[in-house]
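A quick write-up on the structure given underneath.
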Amino acid sequence: MTKRPPRGLLPAILSALPHLFPLLLCIALLMAAAVSEADAAEPEATAPACRAGRSLVPDLVASGEMAGPEREAAAIANGEGRLFRIEREGLKPSFLFGTMHLSDPRIVDLPDAADRALDGADGVVIETTDVLDPARMGATLLSRADLTTLPAGQTLAGVVGEDGMARIVPVLEARGTPPAAIARLQPWFVAAGLLMTDCETQRAAQGAKVLDVAIAERAAAAAKPLDGLETAAEQLEALASMPLDLQADNLVASVALVDRMPDLFETMIDIYLKGQIALIGPATEKALPSGTDAATAVAVTQAFEDRVVHRRNALMAERLQPLLAKGGRFVAVGALHLPGETGLVAALRRAGWTVARAD
């Protein structure tokens, strides 16, 4: 089995973010509510201007810095392709499509092959049907306070430290968030609320649908059965699995990247649309400022990836097979779950399915 070099924690989280956006949007909304509750006297914050990002891929290619990420991605099994055909004798073929959970029109506009596969499917499977009910997702977040708030007697300032708060507070205040609003929140929760781009958040506020919701709504309009592979609670547990000291390191590093998020997201979208899924992580890491993750422990980084990607892959593969046994399913999950030895493509092959690229 080919193993890639350990990746820093922040690049790993950035790679996962677009695949967890529905949950993160609820986080952003809950943080906004926390702001209003914590300081109603504060003047109402004005939504920041939506700045479109610029892909950093051309810069990486021109400087020769893309060669390393490309070599790393080439060594990852099933690292290219967004659409795969799944077959077993006696069953109507199913299709596995890797998504980004974003509302960007370029993402929502399905490739022709995926569009035809969705039209011809007898049923649709997405990561979680909770995404169709924001109230349910919000209730999940509120009901699991142990995963979003700090233990009794602890504060964010105590966890992050004086120097960390000196970096964090100005960024929060620039977004209309007084420190009192996040004083008891876990660092991962605060970081998640900061790392989504303004353009994506504003589109969602205007009613734009992320790709997975658009796919689910097409299934409902065509009266096709819709199933989910996991719950919002399970996603929340994966995100909250980091120790507090590593959460603190990640929050401080995330604050330094707020202004660069549009370019980093645009870089990930650029690579995704080319079907180079395994390249997203290493290219994102290369695009980050040097030293961003210097203090991050590799063992905890790998533990995060194990919980957010690898364990979820195994659970998805297990829950997916009875649905595939019905035949004719269109399965849409975050593209991050397709590549690698633990990815769904390899897992389904090990389980006896014939899986081949269809794009």
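None of the figures in this text is laboratory data; all of them are computed from the coordinates on show. If you're wondering where the values come from, they're calculated on a predicted model, not measured in any experiment.
Tell me, what does the Kirkwood hydrodynamic radius of segment 97-174 come to in angstroms if you use every pair of distinct C-alpha atoms? Walk me through the numbers on the way to the answer.
Working: mean 1/r = 0.0584 Å⁻¹.
Radius from the Kirkwood sum: 17.1 Å.
Can you compute log10 of I(q)/I(0) for segment 205-359 with the Debye formula, treating each Cα as one identical point scatterer, at q = 0.08, 0.10, 0.14, 0.21 Å⁻¹?
Computed log10 I(q)/I(0) values: -0.30, -0.47, -0.92, -1.59.
Could you give the spread of the C-alpha atoms of segment 130-183 along their three principal axes, from largest to smallest, in whole angstroms?
Extents along the principal axes: 39, 27, 14 Å.
Could you state, as a whole-number percent, how many of the C-alpha pairs of segment 45-185 are farther apart than 26 Å? Please list the in-between numbers first.
Details: 5919 of 9870 pairs.
Across segment 45-185, Cα pairs with separations above 26 Å total 60 percent.
Please compute, for the alpha-carbon atoms of segment 123-249, the extent along each of the three principal axes and give them in descending order in Å.
So the three principal-axis extents are 55, 28, 21 Å.
Tell me, how many Å apart are the Cα centres for segment 164-187 and for segment 306-359?
Each part reduced to its Cα centre gives a spacing of 39 Å.
Just need the Rg to Rh number for segment 310-359, please, alpha carbons only, Kirkwood Rh.
Using Cα coordinates only, the ratio equals 0.92.
Using θ = phi - 60° and the Karplus curve 6.51 cos²θ - 1.76 cosθ + 1.60, what whole-Hz ³J(HN,Hα) does each residue of segment 140-149 get, with Gly and Pro shown as x?
4, 4, 5, 7, 10, 4, 5, 9, 10, 10
Taking a cut-off of 13 Å, what percent of all Cα-Cα pairs in segment 181-240 are separated by more than that?
75
What Kirkwood radius, in Å to one decimal, follows from the Cα pairs of segment 52-125?
15.4
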